[in-house]
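Report on the structure given below.
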Amino acid sequence: MANEELAGLFYEIADLLDLEGVPFRPEAYRRAARALEQEPEDLEMLRKQGRLKDVKGLGEALTKKVEEYLESGKVSYLEKLRTQHPAGVLDLLRLEGVGPKTAGRLMVEFGVQSVEDLKKAIMEGRLRDQKGFGEKRIAALLEAAQGAGLAHLRLPLPKAQLIADGLIADLQKRCAHLQRISYAGSLRRRRETVGDLDIVTSSARPSELIEAFTSHPSVKTVRLKGDTKSTVVLDSGLQVDLRVVPNENYGAALQYFTGSKDHNVRLRSMALQKGFSINEYGISRNGQLTPISEEEGIYGALGLPLIPPELREDRGEVDAALAKSLPPRPSLGSLRGEIHIHLNPSAGVEMLAKWIEALANKGFAYGGFVFPGTDRSFPAVPSISKGVRILRGAEVPSPWVTVGEIDWKEREYALLLPPPRGAYDEKALGDALHELSRRGRPAILAHLETRAPSETPPPFELLAKLGGALEVGITSEGVTLESTLVRKAVSLHVPLSVSSRPERTEDLGRLGLALDFAVRGWAKESDLFRLEGTPAPLVRAA
DNA sequence: GCCGTTTTCGGCCCGACTGTTTTCAGTCG
């Protein structure tokens with residue numbers, strides 16, 4: 001889609017304007033860029049419908065630039081800016097510790113136009129004894145310049161979650177005085193990838209906590225270490241920010257550091273209109289701070305219900321909260337089972353028993369085991385064991401023509417696999433959905449992670465019309481579908497099949513994360529697909 | 001350049017940390 005590409009161009013304009021020292025406009029371009037990245041609708045479509053201005057952050061001038069881009073594939077304003085600045089200076093801005101002021105000075109006073117130039121200038125000692133460039137700063141600049149070009153690591157959601165859980169458990173174990181602790185930031189908002197980990201804690205002894213944090217065995221380097229906050233880089237390359245506040249301020253801090261930036265800006269401007277202000281400690285009115293210990297306190301002061309972290313992106317959630325029309329959050333209990341378990345038929349009955357045990361321990365009503373559609377070698381299984389109904393699904397590859405060859409007396413549902421690349425054959429998909437519906441077998445379009453994110457999105461309208469569900473899963477590697485597409489599916493009433501995509505029984509624990517991710521797409525309980533109500537399994541007890 | 005349930009003009013978050021500063025500027029989140 002053009003959306004991300006154009007967002008990239010807007011970010012570049014913002015950086016160049018920053019270099020020129022222009023106030024406010026860079027942020028306006030960045031706000032618009034963030035909105036474009038999160039816009040599920042294709043820009044071309046929005047333009048045709050005259051809805052471009054509905055995108056938050058697009059006013060008159062930026063709408064014109066979007067239209068120019070859609071017509072010509074370029075933004076002439078950016079082209080003009082590019083001619084006024086050497087191509088390499090944008091790389092300088094991306095260095096740790098280099099902002100617009102420093103980049104500008106390097107350019108004007110030292111003729112530095114690229115990261116290479118900067119290295120040379122430092123080696124030749126040209127920065128030494130210059131105002132503002134002490135020994136430490138020069139060393140930091142050199143280190144940043146030498147590490148330049150390494151792409152900033154963004155971890156997939158499930159991997160970031162594992163690291164956060166481990167770190168938090170360790171800190172709890174090592175710090176008896178620790179009161180409350182939570183991950184915040186984009187991990188708590190359940191973004192599909194996490195650039196750095198934010199952890200918010202409360203403790204009466206912050207310095208001991210900071211000490212425990214910076215000396216944790218998985219810490220590679222300590223970037224920053226103050227009285228109440230610290231930044232480290234882990235061996236895995238992930239950056240982690242820790243913030244310690246007094247217990248009475250915990251709610252305000254958690255809200256503040258969960259973000260998103262745009263969501264918080266929106267809340268703060270609402271607060272100003274109501275005559276108070278919000279910061280990471282609480283609410284202040286006439287210079288008098290009232291500490292806020294629970295997040296609800298921040299939202300309550302604005303007359304809002306608590307907005308789920310997954311929705312805090314300034315994508316309409318504040319207006320929905322004001323209108324009391326936030327989607328009610330589905331409970332984990334509303335997921336009655338896991339239907340995407342791959343069981344190797346040769347693994348035998350013991351493995352199946354292990355799965356059933358795990359499903360029963362989770363309180364699930366059913367478990368669905370998936371085999372290739374025409375495979376007939378699966379073990380004979382009881383229909384119910386330990387209170388868990390056992391269902392068998394058939395995996396059907398695109399273009400789904402084998403639907404007619406499968407013995408549906410032995411299969412309760414179908415997982416339809418997408419074509420590995422290119423457009424969906426809607427005729428073939430429609431035929432398969434009709435055929436399955438005729439046989440009373442639910443169908444789920446699944447394994448979307450096998451397609452590149454840049455490929456055509458699934459035909460949501462067709463799925464909605466014919467009652468096909470869509471898998472929203474989290475594998476050990478990442479999410480199976482971008483959240484903008486999940487939101488689009490929800491808006492078109494496509495049922496979502498939430499899955500932890502387990503490879504081992506422990507992975508069933510990922511189901512909560514998968515549900516959170518569906519919530520990020522504004523899913524409510526009625527959007528969730530379940531296998532309840534399907535015919536009883538036809539398998540005879542073994 | 002955007003935005004408005006006090007506004008079509010005048011705002012636009014602000015606190016922590018670092019380095020080099022003798023009182024603060026720049027960067028970051």
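The values are calculated or read from the model by the stated rules, or taken from the named source; none is laboratory data. Computed from a prediction, not measured in an experiment: that's the story for all the values here. So basically every Cβ, Gly included, is an ideal-geometry build from the backbone, and we count neighbours across all protein chains shown. Note: accessible area is taken over every heavy atom of the protein model, side chains too, but ligands, DNA and RNA are not part of it. Shrake-Rupley method; radii C 1.70, N 1.55, O 1.52, S 1.80 Å.
Would you check which residues across the stretch A:110-146 are in a helix (DSSP H, G or I), more than 12 Å from DNA strand B (Cβ to nearest atom) and open to solvent by 100 Å² or more (accessible area, probe 1.4 Å) and list them? Hits for the stretch A:110-146 are A:E116, A:K120, A:M123, A:Q146.
Kindly indicate whether A:P308 is modelled with pLDDT of 90 or more and either within 30 Å of A:K229 (Cα to Cα) or open to solvent by 10 Å² or more (accessible area, probe 1.4 Å) (or both). Outline the logic, then answer.
Numbers: modelled with pLDDT of 90 or more: yes; either within 30 Å of A:K229 (Cα to Cα) or open to solvent by 10 Å² or more (accessible area, probe 1.4 Å) (or both): yes.
So A:P308 fits the description; yes.
The condition (being within 20 Å of the chain's Cα centre (by Cα), open to solvent by 40 Å² or more (accessible area, probe 1.4 Å) and under 29 Å from A:N344 (Cβ atoms)) is satisfied by just one residue among A:E477, A:E506, A:E482: A:E477. For the structure I just gave you, tell me whether A:S437 is among the hydroxyl-bearing types (S, T, Y), farther than 19 Å from A:L496 by Cα and exposed (fewer than 15 other Cβ atoms within 10 Å of the Cβ). Against the criterion (among the hydroxyl-bearing types (S, T, Y), farther than 19 Å from A:L496 by Cα and exposed (fewer than 15 other Cβ atoms within 10 Å of the Cβ)), A:S437 does not qualify. Of all the listed residues (A:S269, A:S203), the sole one being touching a helix residue (DSSP H, G or I) at 6+ places or on another chain (Cβ under 6 Å) and not aromatic (F, W, Y) is A:S203.
Does at least one position in the stretch A:4-20 carry a residue that is open to solvent by 40 Å² or more (accessible area, probe 1.4 Å), more than 11 Å from DNA strand B (Cβ to nearest atom), of a type in the set (F, W, Y) and within 30 Å of A:E482 (Cβ to Cβ)? Yes, some residue in the stretch A:4-20 is open to solvent by 40 Å² or more (accessible area, probe 1.4 Å), more than 11 Å from DNA strand B (Cβ to nearest atom), of a type in the set (F, W, Y) and within 30 Å of A:E482 (Cβ to Cβ).
Against the definition (closer than 22 Å to A:L513 by Cα and modelled with pLDDT under 90), how does A:G348 come out, yes or no? Walk me through how you get there before you give the answer.
Working: closer than 22 Å to A:L513 by Cα: no; modelled with pLDDT under 90: yes.
No, not satisfied.
Among the residues making up the stretch A:171-192, those that are more than 17 Å from A:Q239 (Cα to Cα) and either part of a helix (DSSP H, G or I) or open to solvent by 50 Å² or more (accessible area, probe 1.4 Å) (or both) are A:Q172, A:K173, A:R174, A:A176, A:Q179, A:R180. Number of residues in the stretch A:457-500 that are part of a helix (DSSP H, G or I) and under 19 Å from A:E313 (Cβ atoms): the value is 9.
Give the residues of the stretch A:461-474 that are crowded, with 19+ Cβ neighbours inside 10 Å and either under 18 Å from A:E525 (Cβ atoms) or modelled with pLDDT of 95 or more (or both), sorted by residue number. Steps first, please.
Filtering the stretch A:461-474 for residues crowded, with 19+ Cβ neighbours inside 10 Å gives A:463, A:468-474.
Once the filter is applied, which keeps residues that are crowded, with 19+ Cβ neighbours inside 10 Å and either under 18 Å from A:E525 (Cβ atoms) or modelled with pLDDT of 95 or more (or both), the stretch A:461-474 yields A:A469, A:L470, A:E471, A:V472, A:G473, A:I474.
The numbered conditions (1) surrounded by fewer than 16 Cβ atoms within 10 Å (Cβ to Cβ); (2) out of contact with any Leu (no Cβ under 9 Å at 6 or more places or on another chain) are all true for A:L322 except (2). Considered as a group, the residues in the stretch A:78-108 that are surrounded by 14 or more Cβ atoms within 10 Å (Cβ to Cβ) and over 35 Å from the mean Cα position of the chain (by Cα) include one that is farthest from DNA strand B (Cβ to nearest atom), and that residue is A:M107.
Of the residues making up the stretch A:67-77, those that are in contact (Cβ under 8 Å) with a residue 60 or more places away in the chain and either assigned to a helix (DSSP H, G or I) or within 8 Å of DNA strand B (Cβ to nearest atom) (or both) number 3.
Taking the condition of being out of contact with any helix residue (DSSP H, G or I) (no Cβ under 6 Å at 6 or more places or on another chain), within 15 Å of DNA strand B (Cβ to nearest atom) and open to solvent by 50 Å² or more (accessible area, probe 1.4 Å), how many residues in the stretch A:48-66 meet it? Total satisfying the criteria: 5. Among the residues making up the stretch A:267-279, those that are assigned to a loop (DSSP other than H, G, I, E, B) and either of a type in the set (K, R) or more than 10 Å from DNA strand B (Cβ to nearest atom) (or both) are A:K274, A:F276. Of all residue pairs spaced 6 or more apart or on separate chains, those with beta-carbon atoms under 7 Å, a first member in the stretch A:23-47 that is outside the structural domain of A:L492 (by TED's automatic domain parsing) and within 9 Å of DNA strand B (Cβ to nearest atom) and a second member that is at pLDDT below 90 and basic (K, R) are A:A35/A:K56.
Quick check on A:L157: is it of a type in the set (A, V, I, L, M), without any contact (Cβ under 8 Å) to a residue 24 or more places away in the chain and buried (at least 17 other Cβ atoms within 10 Å of the Cβ)? No; evaluated as a whole, the condition is false for this residue. Taken over the stretch A:442-460, the criterion of being modelled with pLDDT of 90 or more and open to solvent by less than 40 Å² (accessible area, probe 1.4 Å) is satisfied by A:P442, A:A443, A:I444, A:L445, A:A446, A:H447, A:L448, A:P458, A:P459, A:F460.
Among the residues of the stretch A:411-420, is any modelled with pLDDT under 90, in a strand (DSSP E or B) and either hydrophobic (A, V, I, L, M, F, W, C) or open to solvent by 20 Å² or more (accessible area, probe 1.4 Å) (or both)? No, that holds for no residue. For the stretch A:215-266, a residue qualifies if it is near DNA strand B (Cβ under 9 Å from one of its atoms), in a strand (DSSP E or B) and under 30 Å from A:E317 (Cβ atoms), and the qualifying residues are A:K229, A:T231, A:Q239, A:D241, A:R243, A:V244, A:V245. Of the residues making up the stretch A:197-216, none is touching a residue at least 24 places away in the same chain (Cβ under 8 Å), farther than 25 Å from A:I292 by Cα and of a type in the set (S, T, Y).
Across the stretch A:280-323, what is the total count of residues that are near DNA strand B (Cβ under 9 Å from one of its atoms), touching a helix residue (DSSP H, G or I) at 6+ places or on another chain (Cβ under 7 Å) and over 27 Å from A:D516 (Cβ atoms)? The total comes to 1.
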